[in-house]
Ligand code: PHE
């Protein structure tokens with residue numbers, strides 16, 4: 001019995017057959033187990049001989065099965081290692097990789113450029129109150145300037161001014177001045193809303209606001225900061241800029257910044273050419289705004305600027321129409337070098 005089983009175990013070609021042998025010999029109804037059960041009907045003398053014999057048979061078979069099992073497993077592993085080896089010299093299979101949306105991409109570019117100049121990032125809510133979006137920013141009450149922003153008004157609660165979808169990121173100037181102590185140097189990227197729809201206007205778009213407040217910040221700082229920004233963003237060192245007088249209620253003096261450019265296809269090349277392009281609004285923060293935020297305009301002054309992120313993306317990456325920015329068309333993204 002012993003040599004028959006030992007032979008079978010030795011010859012077992014796989015774990016499956018080995019287990020079948022184990023069951024046949026040592027399983028509940030296995031040959032050895034049955035024999036052990038017969039011990040009960042034997043005479044004490046017989047039992048004295050057969051008992052230890054069967055036990056040692058059982059042990060031997062178990063040991064042999066365990067050893068064979070280990071050997072078979074080892075062999076299986078060896079074989080797997082041999083057959084599943086990875087050939088790292090094969091060329092990689094290209095996988096489509098997603099990229100940032102152009103708006104997110106430009107926002108990130110802006111954050112990096114301004115971070116290099118020491119600006120932190122600030123945020124405010126999309127649903128603003130009248131105070132932060134208009135009043136603290138020196139928009140006179142009932143002034144038509146509130147209408148020029150094509151404001152989306154929310155339903156007003158009894159006796160209160162309606163909340164608005166913020167029409168610009170400038171309310172974050174107010175929130176920053178009211179919650180932090182100068183010196184301040186922040187940018188505020190975010191969504192803004194105006195009721196408008198054409199090739200270059202969508203009811204939701206993106207701005208990045210900038211704010212610097214300190215004791216002796218002046219217009220020269222504003223100019224240096226923004227020229228450096230344009231150079232970094234459009235990747236040129238020959239920015240020619242002009243600051244054209246303008247009006248915003250919350251800055252005095254106010255200006256729009258134009259840069260010299262020429263078209264290269266739908267994208268623009270800044271620094272050469274004979275055309276001027278407006279890229280942002282800016283100015284020295286109005287003393288009324290500084291005061292409304294609880295700071296003393298005789299002690300603190302500074303500058304602010306605001307720019308359209310989507311517009312900057314269109315200029316840099318050459319999209320002629322703003323509307324597809326907010327439609328889920330993978331072909332459009334791919335066309336401009338972004339992947340879905
Ligand atoms: N908030 C202005 C706008 O949306 C831009 C601006 C910001 C101008 C800061 C001056 C200073 O048009």
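Among 65, 213, 279, the largest mean-square fluctuation in a Gaussian network model of the chain (Cα springs under 10 Å) belongs to 65. This ranking places 195, 293, 282 by how few other beta-carbon atoms lie within 10 Å of each, fewest first, which gives 195, 293, 282. Each peptide in 74-83, 309-318 receives the mean, over its residues, of other Cβ atoms within 10 Å, and ordering these scores from highest gives 309-318, 74-83. For the residues 230, 239, 32, a GNM of the chain with alpha-carbon springs under 10 Å puts the largest fluctuation on 32. Compared with the dominant principal axis of the Cα atoms in the chain, helix 219-233 is inclined by about 40°. Add -39500 (n - 2.57) for each DSSP H run of 4 or more in the chain, then divide by its residues: what number comes out at 222 nm, to the nearest 500 deg cm²/dmol? The helix-only estimate for the chain comes to -12500 deg cm²/dmol at 222 nm. Looking at the chain, the DSSP beta bridges with both ends there are about 95 percent antiparallel. For the chain, the relative contact order comes to 15 percent (Cα pairs under 8 Å, sequence separation of at least 6). Find the centroid of the Cα atoms in the range 167-197 and in the range 120-139, then give the distance between the two in whole Å. So the separation of the two Cα centres works out to 6 Å. Taking the longest Cα principal axis of the chain as reference, the axis of helix 2-11 is set at about 30 degrees. Between 0 and 90 degrees, the angle of helix 15-26 with respect to the longest Cα principal axis of the chain falls at about 40 degrees. Test of understanding: in a Gaussian network model of the chain with alpha carbons linked when under 10 Å, which of 13, 182, 140 would top the mean-square fluctuation ranking? Ranking 13, 182, 140 by mean-square fluctuation puts 13 first.
One chain, two ends: residue 1 and residue 180. Fully extended at 0.36 nm per residue, the span grows by 55.4 nm beyond their Cα-Cα distance. Quick one: go through the range 138-172 and flag any residue whose amide nitrogen is under 13 Å from the point 7 Å out along the Cα-to-Cβ line of residue 127. Once the point is set 7 Å along Cα→Cβ of residue 127, 153-157, 162-166 turn out to lie under 13 Å by backbone N, inside the range 138-172.
Extension gain for residue 104 to residue 216 (0.36 nm times residue separation, less C-alpha to C-alpha distance): 36.9 nm. Rounded, prolate or oblate: which one fits the range 164-241, using the alpha carbon gyration tensor with axes a ≥ b ≥ c (rounded when a/c is under 1.5, else prolate when a/b beats b/c, else oblate)? Oblate is the answer for the range 164-241, as a/c is 1.5 or above yet b/c matches or exceeds a/b. With a Förster radius of 41 Å applied to the C-beta separation of residue 296 and residue 94, the computed FRET efficiency comes to 0.10.
Based on C-alpha pairs under 8 angstrom that are at least 6 apart in sequence, the range 127-250 has a relative contact order of 22 percent. Extension gain for the segment residue 200 to residue 277, taken as residue separation times 0.36 nm less the Cα-Cα distance, is 26.3 nm to one decimal. Taking a quarter of the surface of the Cα convex hull of the chain gives a mean projected area of 35.0 nm².
Read the figures in this text as sums done on the coordinates, not as results from a lab. Model, not experiment: these values are computed from the prediction. Ideal geometry is used to build each Cβ from the backbone, glycine not excepted, and the neighbour counts take in all protein chains shown.
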